[in-house]
Amino acid sequence: MSFTVPVLQYAFDALEPHIDAETMAIHHDKHHAAYVSNLNKAIEGTEYAVWSLEALVRDWDKLPAAIKTAVRNNGGGHYNHSFLWESIAPNSGGRPAGILATAIEKDLGGFDAFKTEFEKAALNRFGSGWAWLSYDGKCKKLVVGSTANQDSPLSEGLIPLLGVDVWEHAYYLKYQNRRADYLKAFFNVIDWRKVAERFEKALS
């Protein structure tokens, strides 16, 4: 299996003014493409080339030492970015509705409390990484957390529902060192319908 960079379902400038076109172009065509290329190189000619992306990301610790780090970093980078592009969209933002909104109220104290906790997780992630809203299938509840580098909640046994990239390449051209401003802008492009779809699938 050879992985490819997914085609964006919107133009690079479609998320303006919240996320600028130049950042989107570099992020998708350069950074994401590099993760895909390096992942393919790492698994080429191995028995793991037939594994799904989710399996590689979830079970990277079961891989041989020779490719473990490369798959962890680049497989995670491919998965996380593919996940991100589907989590954001033009003419989005606002608040979740339906059973997702109810679960956020029950598990996280409401949307405003969730937003504060999510932004805190992203701001407190030292260096590079991601902040996440995930579903814990064992505890049957929503949880907020963060991961370093390109790690995913999948490897922690969680089901990711929403993630924000806090590597500097995701925001530095427009926001420089103002990560907090970037996070506030990010909430204007979240596709809550997609997040809700993932949540409903996690419950099924």
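The values are calculated or read from the model by the stated rules, or taken from the named source; none is laboratory data. Predicted model, so just to flag it, every value in this text is computed and none were measured. Here Cβ is always computed from backbone atoms with ideal geometry, including for glycine, and neighbour counts include all displayed protein chains.
Being on the phi > 0 side of the Ramachandran plot and of a type in the set (A, V, I, L, M, F, W, C) is the filter here, so list the residues in region 120-147 that pass it. Outline the logic, then answer.
Taking region 120-147 as the starting set, the residues that turn out to be on the phi > 0 side of the Ramachandran plot are 127, 129, 140.
Those that are on the phi > 0 side of the Ramachandran plot and of a type in the set (A, V, I, L, M, F, W, C): none in region 120-147.
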**Asked** Tally time: how many residues in region 109-158 are touching an Asp or Glu at 6+ places or on another chain (Cβ under 7 Å) and farther than 21 Å from residue 76 by Cα?
**Response** 2
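Going by what's in this entry, would residue 163 be described as small (Gly, Ala, Ser), buried (at least 22 other Cβ atoms within 10 Å of the Cβ) and either in a helix (DSSP H, G or I) or modelled with pLDDT under 95 (or both)?
Details: small (Gly, Ala, Ser): yes; buried (at least 22 other Cβ atoms within 10 Å of the Cβ): yes; either in a helix (DSSP H, G or I) or modelled with pLDDT under 95 (or both): no.
No, not satisfied.
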**Message:** Looking for something outside any helix (DSSP H, G or I) and surrounded by 14 or more Cβ atoms within 10 Å (Cβ to Cβ) - is there at least one such residue anywhere in region 179-187?
**Reply:** yes
